[in-house]
Every structure is written in structure tokens, then in C-alpha cells.
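Scroll down for the structure; my scribbles are underneath it.
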Amino acid sequence: MEQAKLILSGKEYDLPVIVGSEGEVGIDVTQLRNVSGAITFDPGYGNTGSCKSSITFIDGEKGILRYRGYPIEELASKSNFVEVSYLLIYGKLPTEDELTRFKYLLTHHSLIHEDMKKMFEGFPASAHPMGVLSAMVASLSAFYPGHENPEMKELNMIRLIAKLKTIAAFSYKKSLGQPYIYPRNDLSYVGDLLHMLFAVPSEKYEVNPVIEDAMDKLLILHADHEQNCSTSTVRLAGSSQANLFATISAGISALWGPWHGGANQEVIEMLDLIAKDNLDYKKYIELAKDKKSNFKLMGFGHRVYKNFDPRAQILKAACDNVLNELGVNDPLLEVAKNLERVALEDSYFIEKKLYPNVDFYSGIIYKALNIPVQMFTVMFAIGRLPGWLAQWKEMTDDPSLRIYRPRQIYTGATVRPYTDLKKR
Ligand code: CMC
């Protein structure tokens, strides 16, 4: 086996090297502290491999994203969200029988306990739906405690996928003050989500197949992204053996932030701002470059992708198609394209390899599908759920799992005596 050598204070240490199935190289430092007393230092974990995983492969330089070996481009054009969810969780594409069973289970677990409606009532109408989603998912643990055996684990994962769309739709209806719309078993997963979001009791709701297809594609593109912030949160929380619902609730909270999934909402707000400010692209590019401004070009940049984000490319192409098919003329699409062009001509963005990410064009499609801006990150969460579950399952099925517990380099005061209140 190949070894890496580390020389520290004149002493040499051999460190094992591990190589992934795509040739990715990692230096195994698990014993480093034991043998040398030193730890590795990597704030933000940019160079830290926290686990071995066989779920998702990304090559950020080449713009490659694959779930279980299948390229994202193929899955987005040929598969559907339910099949992709199965693929992520079980590691293989389902047979016809397996898919039928999976769909049946997702359909027949989509109701939430009637008592949960009382909890929705407790939130103010102005509550952000991500806060509601996170709280309601954690509260599922009160209704379905424990996951003592593999069957319970599987059932709770299925419950979560089935119920997340119901919770999401109820939180939206709550914000509108409209009656909740219950799930329908005759609709597809995505069709049912749309129906619960948009139907009203006084009218018959027909699912528009263009909207259904576009939403399905969006969910596939968001379904997993290896060890990103929310997925790492899920692994971290889950590594303590916390229950699944509390664990996923932690992931939802992490996703909400504007540097992560919350960026899709921020992108639309930023494009709106630029449109209202006489389309002064240069002003906002300069602002994004100015570190003192605290302004970033939302939907731009990525920790891993340094050439292009393949999801953003698929979405940019999908934007034109979806808007055309729906007959929507959204001036923000032009604003986004112009902003991208101006940014990509600027040396700051070229040198730092900052490109549009998945959140840059997704919001324009969500808007065309009539999804309200506050619900964008909720849609991301619904899409990301199978990825979180697959990663949680992979981790908790591993008998060698240890609790996630990073170390630190302490930089605070050294030991000092306590001073009495009057002497301070
Ligand atoms: N606008 C302006 N400057 C940027 C941006 C941006 N959007 N993104 C990165 N930079 C600069 C950054 O200031 C840094 O400059 P310097 O080298 O002078 O310190 C350099 O580019 C490298 O960036 P970084 O902050 O070290 O990169 P990171 O890997 O820590 O952060 C990121 C990645 C996605 C959090 C960041 O690019 C960002 O905040 N982007 C805007 C928010 C966004 O679109 N988030 C969605 C990410 S994709 C979907 C998801 O994961 O949810």
C-alpha cells in the first residue's frame, strides 16, 4: 500500500494512503494524533474527507456529477425523482416490482397525523416555511419514535419521503390562510405535491404535465451532492444515534442558510434588486468584489465546482424550454443571463473560478411554475431528502461508525486565577 510521509519536529511518520474507485487520493490521518500528538487543521473542511461513501461522485474540475455511477445528465433526462430516490437509498436502479412497491409505500404513507395540524396552527402566518418544515420534521419523532431494527429504519425513511411533501404543502397553505389540501393517492409523487400546494377545495385541480416534468427534473438535480453542509450536518447529528427525524431536521436547518440552499431565494431577490436599479450590473459586480460590502453574487461560486456546475448547465437550458412551454415571459431570465455574462468576463470571477451554481437558474424555473419565493428552499429540501437518507443509512449501517467529533486548536487564554467580582 502506498504511504505518505510526514516530517514533524524532525521525526518521520508514515501515513497510509487510501484511493477511491475514481482515483481520488486521501491521506489517512486517523492515527496521527496517537503517534505524533498533532492534529490536522482544516477550517471549513475544504481538504478533509469525513467518510468513505459509495453514493455520489463529483469531479469539480471536470464538472462531473454522478449518483451511484449514473451521470446526472442521463438521470435528469431519462429517470424520475422517485426512481432516483430508490437508486440513492438502495444503491441500484429498481426493478419494475421494486419500483411499484416503493411508489405504493410513498403514496400510502403520505398522510400526517391529524394532531400535527394543531402544531401548524401555532405558527404565525408570516413564519418562514423552512422554519416550519424543520420543526415539523423534528416533531415526527414524537409520532414515530425509534428505529431499533432495519425494518423500522426503512419504514421511517419511507414515511419521511412520503410526508415531507405534505408538511411542505401544509406550511404553504398555512402561510396563505387557506385550508390544507390532503394528499391524493392517484397522483404521482410530484403531481401530488403540486396538487397539495395549488388546489383549492372549490375547484378541480388538474396537474399540468409540463410543470410536473420540470419539477421532477429540479428534484432529481438536487437529490444528492455528497458531503455538502447539510449532508455533513445530517451525518454529524446522526452519528450520535439521534433519531432519524431529529437528524433530518438538523439537515433542513443547515440547508436554510443563504450560502447553501437558501441561495435560491436570495438569487431572485438579488435579480429583482438589479432590475429595479436600472440594470446596473457593473455596480453589483463591483459590490460583490468589494470584501467590505458583505455582498456576494448569490448563485455564484462553489466549494467543489471550479469550471462549471453541471446542474446549473442543465437548468439554464431547461429555463428556456420551460418558460417557452408555459408561455411565461420572465424578464428576470434576461437579467440572470446578462449578469452571468458580465460576471464571467470579469477577471475577479475568472481568477477565482466562480461560476453559476445550481441555485442561479433554479429560482427562475420555480417562479415560472408558480412556486412562491419563500418556498424555493423548501423545494430544495424535498429534493435533497433522499440524499440525506442515503447518506444517513450508509453511515448508520456501518459497524465501524464512530461519533463525529472534530478537534480544535485552542487559541484562548492560558490558565489564570478567578478574580473576585469587586476586583474586576
Ligand atoms: N461572490 C463574490 N465573491 C465570491 C463568491 C460570490 N458569490 N463566492 C466566492 N467568492 C470569493 C470569496 O470571497 C473568496 O475570495 P478570496 O479568495 O479573496 O478570499 C473566493 O471567491 C473563494 O471563495 P470561498 O468563499 O473561499 O469559497 P467557499 O468554497 O468557502 O464558498 C460558497 C463557497 C458557495 C459558500 C460561496 O461561493 C458563496 O457564498 N456563494 C454565494 C452563495 C451561493 O450561491 N450558495 C449556493 C451554493 S451551491 C448550492 C448549495 O450548496 O446549496
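Taking 60 Å as R0, compute the FRET efficiency from the Cβ-Cβ separation of Glu206 and Lys422 and round it to 0.05.
0.20
Within 10 Å, count the other beta carbons around each residue, average over each peptide in 89-97, 387-395, and list them highest first.
Highest to lowest by the protection proxy: 387-395, 89-97.
Could you tell me whether region 317-424 comes out rounded, prolate or oblate from its Cα gyration tensor? Rule is a ≥ b ≥ c as square roots of the eigenvalues, rounded for a/c under 1.5, then prolate if a/b exceeds b/c, otherwise oblate.
prolate
Quick check: at a probe of 1.4 Å, how many percent of the accessible area of the chain sits on carbon and sulfur atoms?
Looking at the chain in its full context, I get 53 percent from C and S.
List residues of region 196-234, by number, whose backbone nitrogen lies under 14 Å from a label position 7 Å along Cα→C-beta of Glu22.
Under cut-off, by backbone N: 224-228.
Two decimals is fine: what's Rg over Rh for region 263-368, C-alpha atoms, Kirkwood radius as Rh?
Looking at region 263-368, the ratio lands at 0.95.
I'd like the distance separating the alpha-carbon centroids of region 364-424 and region 43-57, in whole Å.
14
Under 18 Å between alpha carbons, and skipping anything fewer than 8 positions from Lys204 in its own chain: which lysines qualify?
Partners found: Lys173.
With r as the distance between the Cβ atoms of Glu61 and Ala38 and R0 = 22 Å, compute the FRET efficiency 1/(1 + (r/R0)^6) and round to 0.05.
After rounding to 0.05, the efficiency reads 0.15.
Keeping all protein chains in place, calculate the accessible area per residue for the chain (probe 1.4 angstrom), answer in Å².
In whole numbers, the chain has 51 Å² accessible per residue.
Any idea what diffusion coefficient the chain gets from Stokes-Einstein, in µm²/s, Kirkwood Rh on alpha carbon pairs, 4 °C, 1.567 mPa s?
In µm²/s, the coefficient is 55.
Output the relative contact order of region 3-49, whole-number percent, from Cα pairs under 8 angstrom with separation of 6+ residues.
23
Around Gly37, under 15 Å between beta carbons, what's the net of Lys plus Arg minus Asp minus Glu among the other residues?
Once all neighbours under 15 Å are counted, the net charge is +2.
Any idea how far apart Lys282 and Leu155 come out in nm if each label point goes 7 Å out from Cα toward Cβ?
6.5
Going by the alpha-carbon gyration tensor, a ≥ b ≥ c the square roots of its eigenvalues, is region 1-54 rounded (a/c under 1.5) or, if a/c is not under 1.5, prolate (a/b greater than b/c) versus oblate?
Oblate, because a/c is 1.5 or more while a/b does not exceed b/c.
Aspartates and glutamates near Lys153 by alpha-carbon distance under 19 Å, same-chain residues fewer than 8 away left out - which ones?
Correct list for Lys153: Glu98, Glu394, Asp397, Asp398.
Could you calculate the FRET efficiency of Val415 with Glu345 from 1/(1 + (r/R0)^6), where r is the beta carbon distance between them and R0 is 60 Å, rounded to 0.05?
0.60
Filter the DSSP H helices in the chain by two things, a Kyte-Doolittle mean of at least -1.0 and an axial alpha-carbon span of 27 angstrom or more, and list the hits by number.
Membrane-span-like by this rule: 150-176, 376-396.
If the cut-off is 30 Å between C-alpha atoms, which lysines fall inside it for Lys282, apart from same-chain ones fewer than 8 positions away?
Candidates past the 8-residue exclusion: Lys62, Lys291, Lys292, Lys296, Lys306, Lys316, Lys337, Lys352, Lys353, Lys367.
In terms of the Cα gyration tensor, with a ≥ b ≥ c the square roots of its eigenvalues, is region 202-295 rounded because a/c is under 1.5, prolate because a/b exceeds b/c, or oblate?
Taking the square roots of the gyration eigenvalues as a ≥ b ≥ c, region 202-295 is oblate.
The values are calculated or read from the model by the stated rules, or taken from the named source; none is laboratory data. Please read these numbers as outputs of a predicted model, since none were measured by experiment. Heads up, the Cβs are rebuilt from the backbone with ideal geometry, glycines too, and the neighbour counts pull from every protein chain shown. Protein only, heavy atoms only, side chains kept; ligands, DNA and RNA dropped before computing areas. Shrake-Rupley method; radii C 1.70, N 1.55, O 1.52, S 1.80 Å.
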